[in-house]
Structure formats: C-alpha cells, structure tokens
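Input: a single structure, listed below in structure tokens.
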Amino acid sequence: MNATLEDIKAAAGKTDATDLRAAFAADPERFKNFSLRFEDLLMDFSKTAINSEVLALLVKLAKEVGVEEKRAAMFSGEKINITEDRAVLHTALRNRANTPVMVDGKDVMPDVNAVLEAMGQFAEGIRSGATKGATGKTFTDVVNIGIGGSDLGPAMTTLALAPFHDGPKLHYVSNVDGAHIADTIKDLDPATTLFIVASKTFTTIETMTNAKTARKFIADALGEEAVGHHFCAVSTALEKVADFGIEQDRVFGFWDWVGGRYSIWSAIGLPLMIAIGAEDFGRFLDGAHAIDKHFQDAPITENLPFMLGLIGYYQRVVLDYPSRAVIPYDQRMSRFAAYLQQLDMESNGKSVTVGSEDVTTPTGPIVWGEPGTNGQHAFFQLLHQGTNIIPIEFMIAANGFETDLRHQHQLLMANCLAQSEALMKGRTLEEAKTQLLNKGSDEATADKIGPHRVFSGNRPSITFVYDSLTPYALGRMIALYEHRVFVEGALFGINSFDQWGVELGKELATGLLPVVSGKESADDHDSSTAGLVSTLLGMAK
Ligand code: F6P
C-alpha cells in the first residue's frame, strides 16, 4: 500500500509528535533516535514534530516517488533539467575521485580539471604578485562583478572563510544601482585593481552594465590599452566574452550543465580561490564531495541530506508551514540565508510538475534568516510568540577562530542552544504566574501579566553542530543544502533546475527602459505603471 499524505498526517497527529515536551519526557533516547552524524557534523532533528511512524512513512513515500532513482539520474548525467534539456552536474565539479562523468557520450572530467588547474595558476599569479597591473603594480583589490549565482556563492563564502583569507582584498558588485559600483570603486586605485566579470550567459544586464562602468574606470585612469591587464572573465559564453575584449587566456569557462545557483564549485569560485588559495579551495571541494558520496551511498535513514529533505517536505506539505528560517550562530555566515534563498527558492518555487501539470501540494517554502544572536533582538519575538509556526535551522561551531575570545564563543553557544530549547519547551501559564509570584508580584498582577509571558512551545528546530567553519566544513554544508533542495524538489515532483519565473520581469524591464528614459510613452501600460512612470519622470532632475 502507498504512503499517502493522509497516513503521514495521521501519524503526525500522535502525542509524541504534537507535544515535544512530552515526547522528550517519555523518551530519554529521543536525541539519540532523531539525530545523525557525518564526520564531525551533527544534525539534531529531535526538536521537530517527528516520530518513528512519520519517518517510516516519509521514507516509504520517498521510495515510491523514486527519489533514489532520480538521484542516480542526476549523478549519472541524465538530462533531468527537462525544460532546458540539460544535465545537472555541479557534482562533477567537485568529483575529487576523478571518476568519468559522461555527458552526451563525453567524459567531462578532463575539462573540469583543466579549468581548475588554469584557475589555480591565475589565482596564484594574483596572490603572489607575479601577475601585475598595466603599470607594473601588484593587485591589492579584486572586484567581482556578477549577480545571482555569479555573486552570492563567492560573496557568501569569502565572508564565511575570512580566517583563511590571505590573498588580496575582495569586493562584490551585483546591483545595477550605480550606487553599488560607485561606493565600491571610490576608494580603489585603478592601478592595483583587478575586475572579474562573472556571468554564465554574459548577457545579464546588471553585470554587463557594471562591467562597462568598470571598464571606463580603468580606461579613463590608465588608458584603453590597460584594460586587458585589469580584467578577466568567467562564463559559459566564450564568444560573448571575446566581444567584450577580454583575452582568451583570462577567460575561465564552465558548462551549461552547471546551474547558476550551483556554480560556486566552478570557475565562478575564482574570487574565493584568489582569497584563500587553490589548496583551501580544494578542501572546500573535498567537503562537498564527501557529502556527495554520503548522499549517494548512505541508507535513507542515515543520510543527512535525504533526512533534511524529508523533514523539510513534511513541514511544508504535511504540516503546512509556509516558511523556514536559517539562523547560523556565526557572524561570518551572515550571507548564508541570502545564498540559500536563491538555491532553494529559485529551485523549488514552482507550480508545475515535470509532467507539465499543476502541482497539487505546496512547493518550496519561503527561506530567510540572519545570524544569531542578532536575530534574537529583532524577529525572535514572533518566532516564540507569534501566530505562525516557523521551523528554524540553527547552526553552530564548537570552536570559533578567536581563541582569545573563547568566553564570547561560549556565550554564542549558550544562546544558540537556549533558543532551540525555549522554542521547544515553551512556558505554561502556571509557570509564568509562579515565576511572577516568586518575583514578588501579587495575584492580580500575575493574572494580568501571566498570559503575556506564556510561550506555547512545540516550535520546531533542527540544529547543526560542527567542529569549526573550515573550507571543508563549509563545502560540506552547502552541498548538504543543495541535496536537500534536490530531495524536496523530487518529492514535489517539479524540475528544480530551471528558473522561468525570473523571465517576465526581465522582459518587462527591457520594455520599460525607453519609457523611463522619456523616449516612449507609457500609454501601453496599465494605469498604475503609467502613473508611477509619470510621477518618477515628474520628479526627475
Ligand atoms: O536571476 C536569474 C539568473 O539567471 C540566475 O539563475 C543566475 O544565477 C543569475 O541570473 C545570473 O546569471 P548569469 O550568471 O548568466 O549572469
């Protein structure tokens, strides 16, 4: 018999899933039973509304839906991105075993290795100072110009791996808002600045516009002939790069089987490699490869990405929670939620199945987050006492890098664990009143104030713990989330690897450019859009 959503809902309604406090009291082994470990990475999901029956049904469902077969299809280079007729092989970019990976009858590994080698040589030249700018000066600053997957991955990881950063200073420009590039270059010396133009398609308007501004910055200061010395590019569209005037030996390619939001492992990772060096970049790939192997080989119930995906699906579809928050207790992971927003929401924010039918269940949740402890002083009020239940994913290292500030790391850990405990346990009215009375309140005050101090509890969270945020650990964490998105997408029955939802806005923006430039009338647009255009143009100086 099939595992239906009704079966899972019925199993989820049992006390050990609906009352977490009671579930922990009844089962002293709950942590042991509902946590997994891979190397030093622990995933504790015992504070979610899970029980063994729910888990067994979720596993059954995954088998029926064929998630394992879909996983094999992805790793073997089948064209599972059906709307673009492409394979999905970001895993080949970190295939450290170097086993053949075939696309259209050709092993892609020699090309993958060749680009990695070329990136390493180029990065080393910049880092060592052997490769210089047009005036003979060493590069002190590198500016990556890209957006979406051509920005978020390198930007997030550069920040996350700051303790390993021993190369030139890195800057990231993404927004077409001129303020972004203006603020970035205003204090830079053109003679010591290298620009990386990163775009899979080399057509993205934001990137091309910023690249032209950067080109002018160099040409105005150092002359047109200096441009070649101060630019390099990362793209799959090698001809378009040549048209921009960047020399072939400064172009690092990748392939259409690498999705933008899965591209940090490709040449898109060049800025990170320049920051931390080829060796540490290799360790970053190693971490991801370790998770790839684990995802492929471990049985479902021992498989971290698989289980993370099953719980995510359960929380979204069965329990109907529309959102999830990712809260790293790590200041350097402050862009991780933004990175996951593209990874998850661009992948699974879909309404049509792979069979081109409308979906019948909810799909990807809204993903958001900020680092702890900052979030505690902002939105945690709603997480604890608001009317929505928002599952949270916490992450915390056992060791920070500031060994002389160990007491601060202890505070960080205490806060992280306190939040998940508070969310799970809550505080009853009786407990709230007793606390007030013990603090000297009279009965009337305790009756009045007590309800405001009640925490319903039963608010789910998953906590990840790891030794420290090394390149290896970060690679592992990103790959874990990539495969979680894959598992959820497979369960939703959608194609997680296209992004048609970004197209309409792009098309309309192209049409509106002559309108906001005052060259065409807004008459063809709706009255709101026309009214906004006329207001903006009326105020424009
Ligand atoms: O926003 C859509 C998108 O295509 C993303 O998927 C991609 O990462 C981003 O734009 C940038 O694209 P490109 O690397 O081609 O400039």
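The values are calculated or read from the model by the stated rules, or taken from the named source; none is laboratory data. Just so you know, these numbers come straight off a predicted model, no measurement behind them. Counting neighbours? That spans all protein chains shown, and the Cβs are built from the backbone with ideal geometry, glycine included. Just the protein is used for accessible areas: all its heavy atoms, side chains included, with ligands, DNA and RNA removed. Shrake-Rupley method; radii C 1.70, N 1.55, O 1.52, S 1.80 Å.
Here the range 194-239 is the region considered, the condition is being closer than 19 Å to A155 by Cα and of a type in the set (G, A, S), and the residue that is nearest to the ligand (Cβ to nearest atom) is S199.
This table checks each residue for (1) surrounded by 16 or more Cβ atoms within 10 Å (Cβ to Cβ); (2) modelled with pLDDT of 95 or more; (3) over 19 Å from Y481 (Cβ atoms).
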position: A11; (1), (2), (3): yes, no, yes
position: A49; (1), (2), (3): yes, yes, yes
position: E53; (1), (2), (3): yes, yes, yes
position: E64; (1), (2), (3): no, yes, yes
position: K70; (1), (2), (3): yes, yes, no
position: F75; (1), (2), (3): yes, yes, no
position: R86; (1), (2), (3): yes, yes, yes
position: L93; (1), (2), (3): yes, yes, no
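Checking every residue in the range 212-228 against the condition of being more than 23 Å from R127 (Cβ to Cβ), among the hydroxyl-bearing types (S, T, Y) and open to solvent by 20 Å² or more (accessible area, probe 1.4 Å) gives at least one match.
Considering the range 131-176, and only residues there that are within 16 Å of the ligand (Cβ to nearest atom) and either among the acidic types (D, E) or in a loop (DSSP other than H, G, I, E, B) (or both), the residue that is farthest from A211 (Cα to Cα) turns out to be D151.
For V241, are the conditions met, namely being touching a Ser or Thr at 6+ places or on another chain (Cβ under 9 Å) and not in a helix (DSSP H, G or I)? I'd like the intermediate steps shown before the answer.
Details: touching a Ser or Thr at 6+ places or on another chain (Cβ under 9 Å): yes; not in a helix (DSSP H, G or I): no.
Judged against the criteria, V241 is not a match.
For V251, are the conditions met, namely being in the same structural domain as H229 (by the TED database), surrounded by fewer than 24 Cβ atoms within 10 Å (Cβ to Cβ) and in contact with a helix residue (DSSP H, G or I) (Cβ under 6 Å, 6 or more places away or on another chain)?
When the stated conditions are applied, V251 passes them.
Whether any residue in the range 306-313 is over 17 Å from the mean Cα position of the chain (by Cα), within 16 Å of the ligand (Cβ to nearest atom) and open to solvent by less than 10 Å² (accessible area, probe 1.4 Å) is what I want to check. Looking for residues that are over 17 Å from the mean Cα position of the chain (by Cα), within 16 Å of the ligand (Cβ to nearest atom) and open to solvent by less than 10 Å² (accessible area, probe 1.4 Å), one finds none in the range 306-313, hence no. Being on the phi < 0 side of the Ramachandran plot, away from the ligand (no atom under 16 Å from the Cβ), at pLDDT 95 or above and in a loop (DSSP other than H, G, I, E, B) is a property that does not hold for V326.
Which residues, taken from the range 338-352, are among the hydrophobic types (A, V, I, L, M, F, W, C), within 12 Å of the ligand (Cβ to nearest atom) and buried (at least 22 other Cβ atoms within 10 Å of the Cβ)?
Correct list: L343 only.
A191 meets all of the listed conditions (1) open to solvent by less than 20 Å² (accessible area, probe 1.4 Å); (2) assigned to a helix (DSSP H, G or I); (3) within 14 Å of the ligand (Cβ to nearest atom); (4) farther than 17 Å from P271 by Cα but one, namely (3).
Among the residues of the range 95-110, write down those that are outside any loop (DSSP other than H, G, I, E, B) and open to solvent by less than 60 Å² (accessible area, probe 1.4 Å). Can you show your working first?
From the range 95-110, those outside any loop (DSSP other than H, G, I, E, B) are 102-103, 106-107, 109-110; that's our starting set.
Within the range 95-110, V103, D107, M109 qualify.
The set of residues in the range 399-452 being part of a loop (DSSP other than H, G, I, E, B) and either of a type outside the set (S, T, N, Q) or under 25 Å from D19 (Cβ atoms) (or both) consists of G400, F401, E402, G426, T428, K439, G440, D442.
Out of everything in the range 164-188 that is charged (D, E, K, R) and within 25 Å of the chain's Cα centre (by Cα), what residue ends up being least open to solvent (accessible area, probe 1.4 Å)?
D177
As a summary of the residue check, A267 satisfies the conditions (1) closer than 23 Å to I181 by Cβ; (2) away from the ligand (no atom under 16 Å from the Cβ); (3) of a type outside the set (S, T, Y) except for the one numbered (2). When you look at D286, is it more than 16 Å from the ligand (Cβ to nearest atom), part of a helix (DSSP H, G or I) and within 23 Å of M156 (Cβ to Cβ), yes or no? Here the answer is yes, as D286 does meet what is asked.
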